[in-house]
Amino acid sequence: MKRFNRREVLTIAGSAMSASLIAAPALANARARVLVVGGGFGGVAAARGLREAAPDIHLTLVVDAETFTTCPFSNLVIAGEKPLAEITFGYGALAALGIEIVIGRVAEVFPDKKTARLEDGTEIGFDRAIMSPGIDLNFTAVPGYDETAVERMPHAWKAGAQTALLRDQIAAMPEGGTFLMSVPNNPYRCPPGPYERVSLVAHFLSRHNPTAKILIVDGKDSFSKQSLFMAGWDRLYPGMITHIPFAENAGLNGVSPKTLEIETAFETFKGDVVNFIPPQSAAGFLLRSGLAGGGEWCPINQATFESTFAAGIHILGDSAIVGDMPKSGFSASVQGRVCARVVAALLHEEYYEKGVLLNTCYSLVAPDYGISVAGVYRVNDDGQLKAVDGAGGKSPEDASDDFRHKEADYAKGWYANLTQSLFG
């Protein structure tokens, strides 16, 4: 485990980011301890929101590594359009705000003791905790695919080394070869992500390996923004991409990393590069701690994000069951900000108001061809976060190329603004 304090970060960085803190009433316990777990969009948004709303608390953020590589825009890295460094961020700006940064992995949470234990044995106590650790991959769900298979069949669903590995495999694919992708059934992180990846791989292949083919073996029959993606594929990559829905494959029987094959109930598919995205679940330590109640995802009070199994522990982002909101980085960042306000209000023994949550999801069919979908969500009388009828929407089906180019620019601006607001 490694800890950074504020002085160390200022020495390393040479300068500190100034922050405008929102005044809050004095806490009943001025040194209330809040633990945030997760160095991605949800955890960082929650930590920043808490520092603004409750500046007097002792705030600890536990992160897996010294840097965070985003899944959003990782498909541009796979397509050779961006270096990995451009989507990798550190935590210096957060430490400069007085947030204690602890580098380590949580092994288990003890709700009754209000304690989290890290894998190295360190224990961190808290009065309230916010958990946003993302997903874990299920390496037991499909015969033949385990943790050793990821070198031959990378998932690249946690950005970083796997992103670079898949990029390099695609670049080295033989002329006229086949890129084979397996997509799990819902729910999983970033519903349109696999189809954006296919799009950008097709963009790369159309320029460097134009006789190559792409096969998608899908665990479902339909997917997010399907008509927009398929129209873009027909427009930009005619004849290159074949989507094989669940109705035409009937599910996976197993995989062979040695032969790069995926066996379904109806047919066995072989690729020269195989991107196998396995089924997913909430982070393992949440399951081990009983916060999923024996399921694979964590039930919460969707107005406060508080666990239905443990008072004082709030869970958000990919690991949580959050009504109609998709498992996306932007969703997690919005939930983190809202959850921070709820936790600050609870610490101050103040009223918190149910808010309206937004999600915007951009996808790139090519680096200069964007599509999007937006949603608005509100907690209903049954306590469920539901999409607001008539709000949100997706890109028009018949948009011009100029419109698609502008959406791609909006996507890049969205990403730059979001990462700057969180990590800058």
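Things worth noting here:
- Scanning segment 188-222 for residues that are among the aromatic types (Phe, Trp, Tyr), assigned to a loop (DSSP other than H, G, I, E, B) and open to solvent by 20 Å² or more (accessible area, probe 1.4 Å) yields nothing.
Residue-wise test of (1) in contact (Cβ under 8 Å) with a residue 24 or more places away in the chain; (2) of a type outside the set (Ser, Thr, Tyr).
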residue: Ser227; (1), (2): yes, no
residue: Gly254; (1), (2): yes, yes
residue: Glu263; (1), (2): no, yes
residue: Leu286; (1), (2): yes, yes
residue: Asn301; (1), (2): yes, yes
residue: Leu316; (1), (2): yes, yes
residue: Pro326; (1), (2): yes, yes
residue: Gln335; (1), (2): yes, yes
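- Where a residue in segment 65-89 is in a loop (DSSP other than H, G, I, E, B) and its partner, wherever it lies, is open to solvent by 40 Å² or more (accessible area, probe 1.4 Å) and among the polar types (S, T, N, Q), with Cβ under 8 Å and at least six apart: Thr70/Thr88
- Candidates Pro210, Pro174, Pro184, filtered to the one that is within 22 Å of Gly134 (Cα to Cα) and either touching a residue at least 24 places away in the same chain (Cβ under 8 Å) or not hydroxyl-bearing (Ser, Thr, Tyr) (or both): Pro184
- Exactly one residue out of Val334, Val338, Val342, Val274 is assigned to a strand (DSSP E or B), modelled with pLDDT of 95 or more and either open to solvent by less than 40 Å² (accessible area, probe 1.4 Å) or among the aliphatic types (A, V, I, L, M) (or both), and it is Val274.
- When Gly413, Gly370 are screened for being assigned to a strand (DSSP E or B), closer than 30 Å to Glu86 by Cα and not β-branched (Val, Ile, Thr), only Gly370 passes.
- Residue match in segment 61-79 (condition: under 14 Å from Arg33 (Cα atoms) and open to solvent by 10 Å² or more (accessible area, probe 1.4 Å)): no
- When segment 371-409 is filtered for residues that are closer than 12 Å to Met325 by Cβ, β-branched (Val, Ile, Thr) and either open to solvent by less than 40 Å² (accessible area, probe 1.4 Å) or within 21 Å of the chain's Cα centre (by Cα) (or both), the ones remaining, listed by number, are Val376, Val379.
- Condition check for Phe246: at pLDDT 95 or above, buried (at least 20 other Cβ atoms within 10 Å of the Cβ) and either over 20 Å from Gly177 (Cα atoms) or out of contact with any helix residue (DSSP H, G or I) (no Cβ under 7 Å at 6 or more places or on another chain) (or both): no
- Tally, over segment 277-306, of residues that are open to solvent by less than 10 Å² (accessible area, probe 1.4 Å) and more than 30 Å from Phe246 (Cβ to Cβ): 3
- Selection status of Leu94, under 23 Å from Gln280 (Cα atoms) and open to solvent by less than 10 Å² (accessible area, probe 1.4 Å): no
- Candidate set: segment 114-127, residues that are within 27 Å of His348 (Cβ to Cβ), of a type outside the set (A, V, I, L, M, F, W, C) and touching a residue at least 12 places away in the same chain (Cβ under 8 Å); chosen: the one least open to solvent (accessible area, probe 1.4 Å): Gly125
The values are calculated or read from the model by the stated rules, or taken from the named source; none is laboratory data. Not measured: the values here are computed from a predicted model. Neighbour counts run over all protein chains shown; Cβ positions are idealised from the backbone, glycine included. Side chains included, ligands, DNA and RNA excluded: accessible areas come from the protein's heavy atoms. Shrake-Rupley method; radii C 1.70, N 1.55, O 1.52, S 1.80 Å.
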